[in-house]
1. Could you tell me how many of the residues in the range 231-278 are farther than 20 Å from Asp120 by Cβ and in a helix (DSSP H, G or I)?
2. List every residue pair whose Cβ atoms sit under 7 Å apart, with the two residues 6 or more apart in sequence or on different chains, where the first one lies in the range 304-315 and is open to solvent by 80 Å² or more (accessible area, probe 1.4 Å) and the second, anywhere, is of a type in the set (Gly, Ala, Ser).
3. Give me the pairs: first residue in the range 235-248 and aliphatic (A, V, I, L, M), second residue in a loop (DSSP other than H, G, I, E, B), beta-carbon distance under 7 Å, and six or more apart or on different chains, which are they?
4. Within the range 155-172, how many residues are modelled with pLDDT under 90 and either part of a loop (DSSP other than H, G, I, E, B) or open to solvent by less than 10 Å² (accessible area, probe 1.4 Å) (or both)?
5. Of the conditions (1) of a type in the set (A, V, I, L, M, F, W, C); (2) closer than 21 Å to Gly367 by Cβ; (3) open to solvent by 10 Å² or more (accessible area, probe 1.4 Å), Phe270 fails just one. Which one is it?
6. For the range 42-57, name all the residues that are open to solvent by 70 Å² or more (accessible area, probe 1.4 Å) and either in contact (Cβ under 8 Å) with a residue 60 or more places away in the chain or part of a helix (DSSP H, G or I) (or both).
7. Name the pairs: first residue in the range 140-160 and farther than 21 Å from Ile370 by Cβ, second residue among the charged types (D, E, K, R), Cβ to Cβ under 6 Å, at least 6 apart or on different chains?
8. Being touching a residue at least 24 places away in the same chain (Cβ under 8 Å), among the aromatic types (Phe, Trp, Tyr), out of contact with any helix residue (DSSP H, G or I) (no Cβ under 9 Å at 6 or more places or on another chain) and under 22 Å from Ala333 (Cβ atoms) is the requirement here; does Trp177 meet it?
Amino acid sequence: MNAAPKTGLMAESVKDAAMAALLAAVLGFFFFALRTDIGTGGLDLTYRWGLWFIAIAIVFGVRLLLNLFIFKAAKPVTSGVKISIPPALTTVVGRFLGPVLLIIALTLPFIVMAVYPDRDRQFIDLAILIMTYVMLGWGLNIVVGLAGLLDLGYVAFYAVGAYSFALLAQYFDIGFWMALPLAGLLAATWGIILGFPVLWLRGDYLAIVTLAFGEIIRVVLLNWYDFTGGPDGISGIPRPSFFGIEFTRGEGGFADVFGLDYSSIHRIIFLYYLILIMALATNFVTMRLRKLPVGRAWEALREDEIACRSLGINTTNTKLTAFALGAMFGGFAGSFFATRQGFISPESFTFIESAVVLAIVVLGGLGSQIGVVIAAVVMIGGFEFFRELEEYRMLVFGLVMVVIMVWKPRGLVSTRVPSITLSGKKGKGISADLVQEGHG
């Protein structure tokens, strides 16, 4: 009696695993079977059939086991395993995790110099990169996480901020501190310009329009050669100073003024604390706005736009404020990126940057500030440590995203804490099980 069902289960599982292996063979052919290198005589092509067959076999075996014991099994082995973290515990952990992460961030350069004196510059540079993406994630979190507006062209505001500072410095000889608010203001203006045409769009249509906007900005920067330098980019971007004190060698420099031995690490540490302060300011403003009427209007818009309108909330102004503020923080981050690099070009502002920032927001948990930090550390910091696997980084990146979205579809930190309560006390966390799929 049981032999026939088991035989049918095996046949169905093998068929499904074979289809998965076939897809892996097609999709992975150019990743595993072929490798191209630039040699002295031109392009060298190397065949790696063994690696390709191993990848196919792994996909077939893993899919077959999943079908037999989980997906198609009458009694899945995971049926008795349920991992559930109480919302109260998540709230307590989040309450203590924030201060701990802040203390680590404030002392990180000195910890790195004490533990890794030979690689301090490398690790502090990595921390600066992570902090930049944290700031970008917090800026996009206003648009996507709080207001529920899917933006695939956020890199456009990042580019506007970077080119605003670079062009102001090149044509008007304006320093970083004067150009920083102007870059944020110009990025916010472009955010409003983008917001007007998409006021009546939602979901996939909004995503397509914002994606097109990001590509338009990149193409304009690439082709307006006389003004932006085109593909050659802009070099010689001035560095920020410490209250007018430059980080130069000799008399009048930072080391000379403070009686220190000159070291290039001083400027790196200064850049780290600069982006840390900018990121913390982004977080502070976001959290304060979240408790104001405009912040509650963003969250109402995210949950249900029709109900939001029925409450008398002006959805036009609500969307425009979300786009403008998110764009402003993206412009600030872009201005810092320009002064940190000293050189910018359109190749630094491709769609993949928007995808990475959006992935940080989604994987961290829509609307969660701590989740953005965790996701940025894992995605940016984790992959930088495996830079030698450059060929497979994007493949691993995609697999990690799939795994996390299957395991935690609402992000790593999915518990929601009300922004304001009737009693005035801090509200308890709301489990993600009580939040509609696809919403914050």
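1. Here the count works out to 6.
2. Leu311/Ala300
3. Partner pairs satisfying both residue conditions: Ile237/Gly342.
4. 0
5. (2)
6. Let us first name the residues in the range 42-57 that are open to solvent by 70 Å² or more (accessible area, probe 1.4 Å), namely 43-45, 47, 49, 53-54.
Result: Trp49, Phe53, Ile54.
7. The qualifying pairs are Val155/Glu353.
8. Details: touching a residue at least 24 places away in the same chain (Cβ under 8 Å): yes; among the aromatic types (Phe, Trp, Tyr): yes; out of contact with any helix residue (DSSP H, G or I) (no Cβ under 9 Å at 6 or more places or on another chain): yes; under 22 Å from Ala333 (Cβ atoms): yes.
Taking the combined requirement at face value, the residue satisfies it.
The values are calculated or read from the model by the stated rules, or taken from the named source; none is laboratory data. Remember, predicted model here, so these are calculated numbers, not experimental data. Please note: Cβ atoms are built from the backbone with ideal geometry, for glycine as well, and neighbour counts cover all protein chains shown. All accessible areas refer to the heavy atoms of the entire protein, side chains included, with ligands and DNA or RNA removed. Shrake-Rupley method; radii C 1.70, N 1.55, O 1.52, S 1.80 Å.
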